[in-house]
Amino acid sequence: MWCRRLAWLFKVPYQLRGSTRHSSLWLPCDRRTVPAAAARWHHTAPESLKCAWQLHGDHLELRYANTLMRFDFVWLRDHCRSASCYNAKTNQRSLDTASVDLGIKPKAVRVDETTLFLTWPDGHVTRYGLEWLVKNSYEGQKQQVMHPRILWNAEIYRQAQVPSVDCRSFLETDEGLKEFLQNFLLYGIAFVDNVTPTKEDTEILAERISLIRETIYGRMWYFTSDFSRGDTAYTKLALDRHTDTTYFQEPCGIQVFHCLKHEGTGGRTLLVDGFYAAEQVLRQAPDQFELLSKVPLKHEYVENVGDCHNHMIGVGPVLNVYPWNNELYLIRYNNYDRAVINTVPYDVVHRWYAAHRTLTTELRRPENELWVKLKPGKALFIDNWRVLHGREAFTGYRQLCGCYLTRDDVLNTARLLGLQA
């Protein structure tokens, strides 16, 4: 039960006065209005009362749906959804935020069972649904997951029996596309079957969900083992687990692989859920997880071979989290391309190496490795911000094509189909 100091006097709205800078009132949410000048009593609200509010000198506290929220007055004025402040057709703000007085206070406050009403000094009235406030408050966001996921190791993924989507269903129906995107969002990987094994058909497939991101490797890449290129990926050697383009300021979001031909042995693709491994680190050594999420590192790619001249540098921590809820959204892990560590002092470096070792141990656990043999007709989409990929050595002639997709466009497509992304 919450104790509240209540003021009751007829039905005159509660008026803020200049002397309330360091004072506050806890008020129950109901249809009555409360003036400041009235007598005050301590009161324990009945359990059926769902919310209460308390006014401070520079912010409003509101408890609703078991969430205690704090709203700065400028924030409450800035986010007004009235027709003069917000264009509901374009979902864009019309109010000039810079015109709002940083010392603004509401002249009157009223709360009923569903809505918060604020009257400002100029007479403008702002209305907020309480459910909207829970969803959009800082405290509400801390309790929400931005991107629902199923973390997996090899056994979890196999037991889930995640189906591939047929190419025709993927290309021609919203149902097939939605099923594919739901698999991709939950697991960070998804497959499409019965794709014609050509670069052109792979391109059509990719464009179904996104614009193709053109990079230093071109728009659609198509390669065999080519030792003239200065990248290990163009060899027949095994590749340890890694994420791509860590040396970009914004690593590519999604990668598409389609094996068009392989006449030889080996060459299986390795997939590891980086978020699953990071979750194990968080449970075992939260201080190391935090270090991996805060120490900035440089990744670098230098190429001077033939007509290819590139020097790329990307900066960021290995683990990237949303600061308000600590949810992981990107792992930047590539031991091949990590540059000289010169962004932190020596004592931090040693602790970082220990944390990196802990994460690497998890990433290399055999039970976390999902091995897939890519064959002509089966296209693989990988969330490059989450799932690490690698390759076993191979023999013979192997032909692969693929591309990178813009993450924003993939998530946009998913949201338009009603998925949380």
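The values are calculated or read from the model by the stated rules, or taken from the named source; none is laboratory data. All values reported here derive from a predicted model rather than from experimental measurement. Counting neighbours? That spans all protein chains shown, and the Cβs are built from the backbone with ideal geometry, glycine included. Note: areas computed on protein heavy atoms with side chains; ligands, DNA, RNA excluded. Shrake-Rupley method; radii C 1.70, N 1.55, O 1.52, S 1.80 Å.
Residue check: is Asn320 at pLDDT 95 or above and either of a type outside the set (Gly, Ala, Ser) or in the same structural domain as Val340 (by the TED database) (or both)? Can you show your working first?
Numbers: at pLDDT 95 or above: yes; either of a type outside the set (Gly, Ala, Ser) or in the same structural domain as Val340 (by the TED database) (or both): yes.
It is true that Asn320 is at pLDDT 95 or above and either of a type outside the set (Gly, Ala, Ser) or in the same structural domain as Val340 (by the TED database) (or both).
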* Among the residues of the stretch 304-330, which ones are touching a Pro at 6+ places or on another chain (Cβ under 9 Å) and closer than 19 Å to Ala277 by Cβ? -> Gly316, Pro317, Leu330
* **Of all residues in the stretch 188-201 being farther than 16 Å from Arg407 by Cβ and under 27 Å from the mean Cα position of the chain (by Cα), the one that is surrounded by the fewest Cβ atoms within 10 Å (Cβ to Cβ)** => Phe191
* To do: Give just the number: which of (1) open to solvent by less than 20 Å² (accessible area, probe 1.4 Å); (2) outside any helix (DSSP H, G or I) does Pro121 not satisfy?
  => (1)
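For the stretch 397-405, state whether one or more residues are not β-branched (Val, Ile, Thr) and not in a strand (DSSP E or B). Quick ask: steps written out before the conclusion?
So the first thing to find is which residues in the stretch 397-405 are not β-branched (Val, Ile, Thr), and the list is 397-405.
Still in the list and also not in a strand (DSSP E or B): none.
Among the residues of the stretch 397-405, not one is not β-branched (Val, Ile, Thr) and not in a strand (DSSP E or B), which makes the answer no.
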* Asked: Is it true that some residue in the stretch 14-35 is over 19 Å from Glu139 (Cα atoms), modelled with pLDDT of 90 or more and of a type outside the set (Ser, Thr, Tyr)?
  -> no
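For the stretch 244-268: of the residues being of a type in the set (Val, Ile, Thr) and open to solvent by less than 10 Å² (accessible area, probe 1.4 Å), which is farthest from the chain's Cα centre (by Cα)? Break it down into steps so the answer makes sense when it comes.
Initial filter on the stretch 244-268 (of a type in the set (Val, Ile, Thr)): 245-246, 254, 256, 265.
Subsequent filtering for residues that are open to solvent by less than 10 Å² (accessible area, probe 1.4 Å) retains 245-246, 254, 256.
Values: Thr245: 18, Thr246: 17, Ile254: 14, Val256: 20 Å.
Within the stretch 244-268, the match that is farthest from the chain's Cα centre (by Cα) is Val256.
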* What tally of residues in the stretch 270-287 results from selecting those that are open to solvent by 10 Å² or more (accessible area, probe 1.4 Å) and part of a strand (DSSP E or B)? -> 0
* **Failed item, numbered, when Leu133 is tested on (1) of a type in the set (A, V, I, L, M); (2) touching a strand residue (DSSP E or B) at 6+ places or on another chain (Cβ under 6 Å); (3) assigned by the TED database to the domain that holds Leu62** => (2)
* So Trp152, is it buried (at least 17 other Cβ atoms within 10 Å of the Cβ) and either in contact with a Pro (Cβ under 7 Å, 6 or more places away or on another chain) or at pLDDT below 95 (or both) -> no
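Select from the stretch 362-421 the residues that are of a type in the set (Asp, Glu) and either within 23 Å of Thr198 (Cβ to Cβ) or open to solvent by 20 Å² or more (accessible area, probe 1.4 Å) (or both) and list them in ascending order.
Quick first cut of the stretch 362-421, residues of a type in the set (Asp, Glu) only: 362, 367, 369, 383, 392, 408-409.
Scanning the stretch 362-421 gives Glu367, Glu369, Glu392, Asp408, Asp409.
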* Residue in the stretch 88-102 that is under 28 Å from Arg415 (Cα atoms) and open to solvent by less than 10 Å² (accessible area, probe 1.4 Å) present -> no
* To do: Specify which of the listed residues (Asp347, Asp337) is in contact with a Ser or Thr (Cβ under 8 Å, 6 or more places away or on another chain), in the same structural domain as Glu207 (by the TED database), among the acidic types (Asp, Glu) and more than 30 Å from Leu177 (Cβ to Cβ).
  => Asp337
